[in-house]
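The values are calculated or read from the model by the stated rules, or taken from the named source; none is laboratory data. These numbers were taken from a predicted model, which means no experiment stands behind them. Glycine also receives a Cβ, built like all others from the backbone with ideal geometry; neighbour counts cover every protein chain displayed.
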Amino acid sequence: MPHVAPPSLNPSQAADLAAKLRSHCERALRGKPQVVARAVETLIAGGHLLLEDVPGVGKTTLAAALARSVDGSFRRIQFTSDLLPSDVIGAAMPEVIDGRPSGALVFHPGPLFAHVVLADEINRASPKTQSALLEAMAEGGVTVDGELHVLPRPFFVVATQNPTEHSGTHALPDSQLDRFHMRLSIGYPNLDDEAAVLREDPSQWQLPNLDAVVTPAEVEAMRAMAGHVKVSDALIAYILGIVTETREHEAIQVGASTRAALALRRAAQAHALVDGRDYAIPEDVQTLTQDVLAHRLVVEAGSPGSGTSEEARWLLQEILDRVTVPL
């Protein structure tokens with residue numbers, strides 16, 4: 001692992017900051033504490049988050065709550081079929097001085113240049129525009145006309161998408177899906193929580209009044225601290241055992257990559273930090289395996305429920321049940 005400077009937070013302080021983030025977001029999204037916890041862990045792990053579900057269950061609300069909770073810049077991009085890549089990343093435009101063109105080109109950043117970016121209904125855009133996010137999410141910068149433009153730090157993309165069976169949507173390519181650290185489904189709330197939503201309308205009254213509870217520097221410090229969470233050789237072997245099983249499973253056509261294994265390790269470190277520990281344990285890996293790996297698997301056609309995220313999650317649970325857990 002490359003050397004990084006010692007973080008300025010201890011595990012207890014980082015856990016307190018993460019708890020603030022969680023409780024803050026839960027004010028806007030009622031009854032989904034586990035989804036909120038996974039979203040916060042994705043932010044701390046340094047990844048990007050994909051929220052996939054039917055319209056109207058709180059995807060945009062959660063993304064906006066996360067953005068408002070961080071005292072940094074926030075941009076929302078509404079993805080539509082006519083959105084162009086330059087509408088997302090920006091473009092080089094002729095420079096005008098005193099109303100006259102100078103002959104030089106000046107880069108004008110697009111809405112992607114923010115600490116937190118909400119890519120709303122990302123699968124309504126064309127594949128070409130979807131791919132405009134690829135370099136930014138992977139490298140933390142974009143290249144325009146051969147020049148690299150670095151994005152702010154932290155840089156966190158929260159994308160929402162409707163299920164692909166809805167009209168006017170384009171499935172995200174595997175390479176784009178692989179850039180998302182976790183894919184989460186919010187689901188419908190239970191009756192008590194839904195009744196509370198109807199009474200209180202938190203997206204209308206709570207969300208607009210959310211103040212920031214962490215700074216960009218504190219997010220960076222939590223990320224640095226997560227990178228220092230200890231991962232034993234036995235736990236590394238456990239992660240590799242899970243990943244290897246996905247590659248050899250008869251119902252899985254394409255298993256988890258090395259990048260996916262790294263994502264699972266980083267997610268386990270973030271989960272441990274949120275729990276106030278400076279070491280990861282097998283339970284961290286078990287808790288996060290489905291959210292980190294399911295969207296990266298290609299399930300064989302003809303297997304029960306093939307082509308659905310639920311089938312991939314079911315197969316991963318089967319793998320977890322048979323891989324030996326380190327003591």
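Counting residues in the stretch 191-213 that are of a type in the set (Val, Ile, Thr) and buried (at least 22 other Cβ atoms within 10 Å of the Cβ) gives zero. Taken over the stretch 25-50, residues that are polar (S, T, N, Q) and crowded, with 22+ Cβ neighbours inside 10 Å amount to 1.
The one condition from (1) free of Cβ contacts under 8 Å to residues at least 12 places away in the same chain; (2) on the phi > 0 side of the Ramachandran plot that VAL96 does not meet is (2). Within the stretch 141-179, being in a loop (DSSP other than H, G, I, E, B), more than 27 Å from VAL298 (Cα to Cα) and not hydrophobic (A, V, I, L, M, F, W, C) holds for ASP145, GLY146, PRO152, ARG153, PRO154.
Condition first: modelled with pLDDT under 95 and of a type in the set (Gly, Ala, Ser). Can you find one or more residues in the stretch 280-290 that meet it? The answer is no, given that none of the residues of the stretch 280-290 is modelled with pLDDT under 95 and of a type in the set (Gly, Ala, Ser). Any residue at all in the stretch 109-131 that's assigned by TED's automatic domain parsing to the domain that holds LEU184, of a type in the set (D, E, K, R), in a helix (DSSP H, G or I) and free of Cβ contacts under 8 Å to residues at least 24 places away in the same chain? No, every residue in the stretch 109-131 fails to be assigned by TED's automatic domain parsing to the domain that holds LEU184, of a type in the set (D, E, K, R), in a helix (DSSP H, G or I) and free of Cβ contacts under 8 Å to residues at least 24 places away in the same chain. Among the residues of the stretch 213-234, the one identified as within 14 Å of ALA270 (Cβ to Cβ), among the aliphatic types (A, V, I, L, M) and over 21 Å from the mean Cα position of the chain (by Cα) is VAL231.
Candidates are the residues of the stretch 203-253 that are among the hydrophobic types (A, V, I, L, M, F, W, C) and in contact with a strand residue (DSSP E or B) (Cβ under 7 Å, 6 or more places away or on another chain); the one that is farthest from ARG277 (Cα to Cα) is ALA251.
Residues considered: THR287, THR324, THR246. Of these, the only one that is in contact with a Gly (Cβ under 9 Å, 6 or more places away or on another chain), under 25 Å from SER185 (Cα atoms) and polar (S, T, N, Q) is THR246. Of the residues making up the stretch 75-105, those that are small (Gly, Ala, Ser), touching a strand residue (DSSP E or B) at 6+ places or on another chain (Cβ under 7 Å) and surrounded by 14 or more Cβ atoms within 10 Å (Cβ to Cβ) are GLY90, ALA91, ALA92.
Screening THR215 with (1) of a type outside the set (Gly, Ala, Ser); (2) in contact with an Asp or Glu (Cβ under 6 Å, 6 or more places away or on another chain); (3) over 22 Å from HIS115 (Cβ atoms); (4) at pLDDT below 95 gives one miss only, at (3).
Taking the criterion of being surrounded by 16 or more Cβ atoms within 10 Å (Cβ to Cβ) and out of contact with any Asp or Glu (no Cβ under 8 Å at 6 or more places or on another chain), the residues of the stretch 250-268 that qualify are ALA256, ALA261, ALA263, LEU264, ARG265, ARG266.
Has the stretch 238-245 got any residue that is closer than 16 Å to GLU318 by Cα, surrounded by fewer than 22 Cβ atoms within 10 Å (Cβ to Cβ), without any contact (Cβ under 8 Å) to a residue 12 or more places away in the chain and not acidic (Asp, Glu)? Checked against the condition, which is being closer than 16 Å to GLU318 by Cα, surrounded by fewer than 22 Cβ atoms within 10 Å (Cβ to Cβ), without any contact (Cβ under 8 Å) to a residue 12 or more places away in the chain and not acidic (Asp, Glu), the stretch 238-245 yields at least one hit.
Which of the residues belonging to the stretch 255-280 are free of Cβ contacts under 8 Å to residues at least 60 places away in the same chain and out of contact with any helix residue (DSSP H, G or I) (no Cβ under 7 Å at 6 or more places or on another chain)? Once the filter is applied, which keeps residues that are free of Cβ contacts under 8 Å to residues at least 60 places away in the same chain and out of contact with any helix residue (DSSP H, G or I) (no Cβ under 7 Å at 6 or more places or on another chain), the stretch 255-280 yields THR258, LEU262.
Restricted to the stretch 1-105, the set of strands (runs of 3 or more DSSP E) holding at least 1 residues that are in the same structural domain as SER185 (by TED's automatic domain parsing), at pLDDT below 85 and out of contact with any Pro (no Cβ under 7 Å at 6 or more places or on another chain) comprises 90-97.
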